[in-house]
Structures are given as C-alpha cells and as structure tokens.
Amino acid sequence: MKAIDNKELILALEDLEKEKGIKKEYLLESIETALVTAYKRNFDSSENVKVEMDKATGVTHLYSVKDVVEQVENPIKEISLEEAKKINKTLKLGDQVNVEIVPKNFGRIAAQTAKQVIVQKIREEEREVLYTQYSDKKGEIVSGTIQKADRGIVIMDLGNLEGIMPVKEQIPTERYRVNDKIKAYVVDVERGEKGAPQVIVSRSHPDFVRKMLEIEIPEIYEGIIEIKSVSRNPGKRCKVAVYSQDENIDPVGSCVGQRGIRIQNIINELNGEKIDVIEWNPDISIFIAAALLPAKIMAVDVKESEKFAQVIVEDDQLSLAIGKGGQNARLAAKLTDWKIDIKSESQFRKLLESKQDETENVEEGE
C-alpha cells in the first residue's frame, strides 16, 4: 500500500503560519506524535511505531521500527537479518530498520487526527496570545461587565477573557450586580485548567487607588508628583502620601483639584470611600503628624532604631487621632511603615508622674 498524500494539509498549515504565526514545522511534529498514538489506540498495537511527514508535500509514512536479529523471537519488534537485507542491503545484526506499514482505513484516521491536532494547537496558541496580552496588563486597570455575582466570587467579562474577583479582592461595602460595568486592578494572571489564562482582578487592592490617581491626575502620570505610599481600609477610608521635588507644585492641592473635583472622581469610582491625601516629608516626625490628620498633633517622639513613634495629642483630639475602631491610627501606621502609639496630653502626664514616682521610690529604697 502507498503512503498517505497530504498536499491539502500542507497548504492549510502554511496558511495557518501566515495568519496565526504557528510554525508549520511545529504543527507537523505534533501531528506525527499524535498519529503514533492514534495508530496504537486504533490498532491495539504494541509495536515501536514511527511516523514521518514530508514537510514539502505532506506525504506521510508509517513505520514499524524493528531490531535486526539472527533469530526472531518477537515478530512485532524484531526482524531477521535476511528479511532486513531485502529492505536495505547494508543492514547488519543489531541495527534497526523501518518497516513501512499502511493499515486499512489509516488514511481516514490520519485525517481526523491531523484536524484534531490543528484545532488543539490553534486553541493553545490563542490561549498563549491571551496570556501574554493580559500578563502585560498586570498592575493595570481593566474595565468589564459583571457576568456572575454569586457564591462570593465575581466574574467579569473583559471582552475576550474572564476576570475573576475573589471575595478577598472585593470591597466589602459594595454590592455587585450582573450587567454592571466596573473597573478593577489586575493582580495576577495565572494558567488555569488546560492552560487557559485566568485573570485575577481586585477592587480592594491599595494599588487600585494608586492607578486611579495616575489616570485622573496628569501630574502623577507625568512623574511631576510621586505617590510615596498608599494605605487602605477598602470601602471606608484610604490615605495616600504624595510628594513633588518641584517647590512650585502643591502635590496635595494638585491631587485634590479645585473644589475637590479631581479626587471626587476617584471617590465616586470607589462608591464613597474617603481619601485623605497627605504630603510626604523626609522628616518622619512631620510625616507621621500629617498621616494622623485630621487630628492635630502636639508632639512626635521617634525611636529610629525601632521605627517607633510616641505621639501626643490634646485630650479632645485623642478619639480623632485613633479613629473609629482604631482605623485612623492603623492607616497612618501602614502609610508610614512605623509603629505608632498615641496618647492624650493627660495620659502622657500621668505616665510621666508614674515613672517619676517609681524613680523616687527606688532612690528611697537605696
């Protein structure tokens, strides 16, 4: 029986290479491997089989690879020297020979297998393109429509891919409804089942606010104003530290905008989450005092080695400095990356008096 002619297949592979950039050689190698599996599956064969496809014509040869032996004990894997020499006179004992076989109906099986491989490889390539495309968007903001919002997880339709927003990446105070259009921050791109890319998105990540500021504030996008740090209690409050080397630029004023219009656009996107914009300062005492706004700070005593700050406020400012449930103090600590202990003036005086009494008692004991 003659080998299988696949001129149409080669033309199709050449078109695919032009249209989708999938190398013809790569597809041919994949088809060859798949044909070996298809033969063994369909003909229940334990033979050592090899497939070769001519890269120019597509002519396919199916071989049973056999060892040349003096006496054949396993005819499936062995061939006598006498029979081997009929194929190639130069063969000797210990060599291997390709014995061509063309089983009945294998042409149809080969055509089906080639089609399946091509479809699979096209899907894999499309997934790879999408993976690369969205990997480049890691750390960026994407827009999409909510497709599913049940059992905690939110699924966004990003156009040609789904964005998955786990519960921990959602803003607790938000309610997500199907067909709502929302923005989200791309946290990561993973390979899911069968290699399909999975885009993990977030609305609770601090960098979601950072990127929104870059979009809304041209001075930040252009690098005139730098965002030094962001701390966030998603859905409730956020603190952003900004800085500009240009003394003529007011970084806080530029971010807030006239009558607060610039920052309001971001607050609206976050469904009312409050945003405190604070000027960063290389002097940590000044920076910590600013981070605790809107409270007025009397004094900040810092221990550089421990990154610890003792903050003193007037009595009526204590609850404001700490914030509801300790929120203001926690956000300030995250923003500055320092441990902060806040005491009122009267608390601090009592502490000093207590220490003074301890010292006097020790001296009396001596």
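Data table
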| quantity | calculated |
| --- | --- |
| Residue that is nearest to K334 (Cα to Cα) [pool: residues in the range 209-223 that are assigned to a helix (DSSP H, G or I) and not hydrophobic (A, V, I, L, M, F, W, C)] | R210 |
| Single residue of V189, V209 found to be under 20 Å from V252 (Cβ atoms), within 19 Å of the chain's Cα centre (by Cα) and buried (at least 19 other Cβ atoms within 10 Å of the Cβ) | V209 |
| Positions within the range 213-236 being crowded, with 21+ Cβ neighbours inside 10 Å, among the hydrophobic types (A, V, I, L, M, F, W, C) and under 28 Å from G159 (Cα atoms), in sequence order | L213, I217 |
| Residue in the range 93-112 that is surrounded by fewer than 18 Cβ atoms within 10 Å (Cβ to Cβ), among the basic types (K, R) and farther than 30 Å from A38 by Cβ present | no |
| Subset of the range 246-303 that is of a type in the set (D, E, K, R) and over 30 Å from R175 (Cβ atoms) - its residue that is surrounded by the most Cβ atoms within 10 Å (Cβ to Cβ) | E279 |
| A84 vs. criteria surrounded by 14 or more Cβ atoms within 10 Å (Cβ to Cβ), within 23 Å of E125 (Cα to Cα) and small (G, A, S) | no |
| Selection count, the range 189-208, where residues are in contact with a helix residue (DSSP H, G or I) (Cβ under 7 Å, 6 or more places away or on another chain) and part of a helix (DSSP H, G or I) | 1 |
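Each reported figure results from applying straightforward, stated rules to the coordinates on display, with no laboratory input. For clarity, every value in this text was computed on a predicted model and none was experimentally measured. So basically every Cβ, Gly included, is an ideal-geometry build from the backbone, and we count neighbours across all protein chains shown.
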